[in-house]
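Take a look at the structure set out below.
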Amino acid sequence: MRRGLIARSAVELPDAVLDARIARVRAAMRDAGLDALVIYTNNTRPAGVSWLVGFVPYWSEALLVVPCDGAPYLVAALTFRVKTWIERVSRLGEVLHNPRVGLKAAQQIAATQKNAAVGIVDFDGLPVGIADDLREAGPGLTLTDASAMFAKLRGKADPAEVALATRAAAIAHQALAEARGDTLNVKIAAAEQRARLLGAEEIYLAAAPDLSRDARFLRVEGERVLGKTFALRASVAYKGVWVRLVRAFCDAEIARQAAAQFAQAAAQLPSDRGFADFASWLVEGCRVAQPLESLMGSRLDCANPPLPGALVAVQGTLAVGGLTLPVGAPALLGSHAEAAALLADPLFD
């Protein structure tokens, strides 16, 4: 469940931006012969729906239906008492409520066109019960996987999304800069508090408590003893956009060398050539529904390289000055063969 404030800003995410995204999706739907598009959302897979209408669920689940004609509408498993909140934070024509969201969505679609061609975004990730309900309530509907179509539209970030990611990166940087105190838990609490005060919808903090032993990040449970060198990673959500940023607590010169090598490697994305000297590396981003899906990396058997103009989270570990150091920051890939650019400085005073 989300713990931060979810609120819509018409300045940061104007109606015109959402309307333009819907228009692009509808053009692709017509080319694919689709009468409606269905996108599933919950608190772990919010990115497809939030990109189109701004809605981010605290918990529970919902289906967004985008018809070729008429305003998009949401079928939510949440009760009617949250209807006004959903309408306030979203760009929707209507909000419908039913615990069986698949059943209600199929009934609505079939009521307009009983033999409609319906594209399902992230069909493989759709819960089986919802898929069964779609088929039960809409026996004449033709359901197909529209993930590849949607991924092409979703893959390149528009200026509004870049601005939100830049803001999320700034929150992450300020939060990690605030990580002060005598113990790891105190440092984490200070960083989280700062992120919340700056408007983060969510922040998850992971730690590598002793880099002399292990550079891998873990979720902190209980009190951990800090080594002389350690690292924190902040995963921050702001207005539906997620970023990751790493801060290493070590010798300043070692941190500068690592940051420079990391920036050079990230600049070459989507090529992996820059990561040849890294012990490990990973690029995450949004293709359809997961905000930070693993796209390519040293430990992935199958790669889905991000498109030009994509927003990604880049992480890696490399040896500098006898220390294996984690590094990571969000980046924007170039649209026309330009170098990718980091959205946040991985260095801290």
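The values are calculated or read from the model by the stated rules, or taken from the named source; none is laboratory data. All figures in this text were calculated on a predicted structure; none of them were measured in a lab. Positions of Cβ are backbone-derived with ideal geometry, glycine not excepted, and every protein chain shown enters the neighbour counts.
Quick look at the values:
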read-out: Criterion: at positive phi, in contact (Cβ under 8 Å) with a residue 12 or more places away in the chain, surrounded by fewer than 24 Cβ atoms within 10 Å (Cβ to Cβ) and in the same structural domain as ARG233 (by TED's automatic domain parsing) - qualifying residue of GLY309, GLY334; value: GLY309
read-out: Only listed residue being out of contact with any Asp or Glu (no Cβ under 9 Å at 6 or more places or on another chain), at pLDDT 95 or above, among the aromatic types (Phe, Trp, Tyr) and within 28 Å of TYR58 (Cβ to Cβ), chosen from PHE278, PHE217; value: PHE217
read-out: Hey, LEU269 outside the structural domain of VAL49 (by TED's automatic domain parsing), buried (at least 24 other Cβ atoms within 10 Å of the Cβ), more than 22 Å from the chain's Cα centre (by Cα) and not acidic (Asp, Glu) or not; value: no
read-out: Count of residues meeting criterion [touching an Asp or Glu at 6+ places or on another chain (Cβ under 8 Å) and part of a helix (DSSP H, G or I)] in the range 136-149; value: 1
read-out: Flag for ALA237 being outside the structural domain of VAL121 (by TED's automatic domain parsing), in contact (Cβ under 8 Å) with a residue 60 or more places away in the chain, within 17 Å of the chain's Cα centre (by Cα) and within 30 Å of ILE120 (Cβ to Cβ); value: yes
read-out: Residue selected from the range 221-277 under the condition of a type in the set (Val, Ile, Thr) and in contact with a helix residue (DSSP H, G or I) (Cβ under 6 Å, 6 or more places away or on another chain), by the criterion farthest from LEU205 (Cα to Cα); value: VAL241
read-out: Output for the range 110-133, where each listed residue is within 23 Å of ALA47 (Cα to Cα) and assigned to a loop (DSSP other than H, G, I, E, B); value: ASP122, LEU126, PRO127
read-out: So ALA62, is it of a type in the set (A, V, I, L, M) and in a helix (DSSP H, G or I); value: no
read-out: Residue count, the range 35-73 (criterion: among the aromatic types (Phe, Trp, Tyr) and surrounded by fewer than 21 Cβ atoms within 10 Å (Cβ to Cβ)); value: 3
read-out: Scan of the range 14-30 for residues that are out of contact with any Leu (no Cβ under 7 Å at 6 or more places or on another chain) and in a helix (DSSP H, G or I), ordered by number; value: ASP15, ALA16, VAL17, ASP19, ALA20, ALA23, ARG26, ALA27, ARG30
read-out: Restricting the range 191-226 to residues that are surrounded by 15 or more Cβ atoms within 10 Å (Cβ to Cβ) and of a type in the set (Gly, Ala, Ser), the residue that is farthest from ILE171 (Cα to Cα); value: ALA215
read-out: Qualifying residue in the range 198-219 (condition: in contact (Cβ under 8 Å) with a residue 40 or more places away in the chain, charged (D, E, K, R) and within 30 Å of ARG91 (Cα to Cα)); value: yes
read-out: Some residue of the range 324-343 being assigned to a strand (DSSP E or B), farther than 24 Å from ARG167 by Cα and of a type in the set (Gly, Ala, Ser); value: no
read-out: Filtered residues of the range 153-185 (kept if touching a Phe, Trp or Tyr at 6+ places or on another chain (Cβ under 7 Å), aliphatic (A, V, I, L, M) and closer than 14 Å to PRO330 by Cα); value: LEU164, ALA168, ILE171
read-out: Within the range 111-136, tally of residues that are of a type in the set (Asp, Glu) and either outside the structural domain of THR44 (by TED's automatic domain parsing) or touching a residue at least 40 places away in the same chain (Cβ under 8 Å) (or both); value: 1
